[in-house]
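Structure first, then comments.
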Amino acid sequence: MDNENTTQKKNIANPKTKKLGIGLLIFSVVAWLLIFAVPFLPVEMNTRIFIAAALGIGGEIAFWIGGIILGREAARRYRKQLNPRNWFKNKSE
């Protein structure tokens, strides 16, 4: 019985860790959206390419680390919310 309680406690994420994971996911979305603003920067073409690549790679790394921190349950929940088939379903069903 005591073994079950310790197993349940391991599945509960630390609130600071959970906030870090959510923050990384938000950062990844912002990084990917900022790529669209890069062509309008008043810098040389080589610098724009470097900035866009850094934002893309940084956003992807942040996304995967955030997904690993939040775990499988969060990924399932967000995947369900992002599925277009579920957008207009009645909540009472």
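The values are calculated or read from the model by the stated rules, or taken from the named source; none is laboratory data. The structure presented is a predicted model; accordingly, all values stated were derived computationally and were not measured. All Cβ positions, glycine included, derive from the backbone under ideal geometry; neighbour counts span all protein chains shown. Surface accessibility is based on the protein's heavy atoms, side chains included, excluding ligands, DNA and RNA. Shrake-Rupley method; radii C 1.70, N 1.55, O 1.52, S 1.80 Å.
Things worth noting here:
- Selected residue [open to solvent by 90 Å² or more (accessible area, probe 1.4 Å), modelled with pLDDT of 75 or more and either among the charged types (D, E, K, R) or not in a helix (DSSP H, G or I) (or both)] from K91, K18, K9: K18
- Here Y78 fulfils each of the conditions (1) without any contact (Cβ under 8 Å) to a residue 12 or more places away in the chain; (2) in contact with a helix residue (DSSP H, G or I) (Cβ under 8 Å, 6 or more places away or on another chain) apart from (2).
- Residues considered: I51, I69, I65. Of these, the only one that is in contact with a Ser or Thr (Cβ under 8 Å, 6 or more places away or on another chain) and either at pLDDT below 85 or surrounded by 10 or more Cβ atoms within 10 Å (Cβ to Cβ) (or both) is I69.
- Filter result (under 15 Å from G21 (Cβ atoms) and assigned to a loop (DSSP other than H, G, I, E, B)) within segment 35-88: G71
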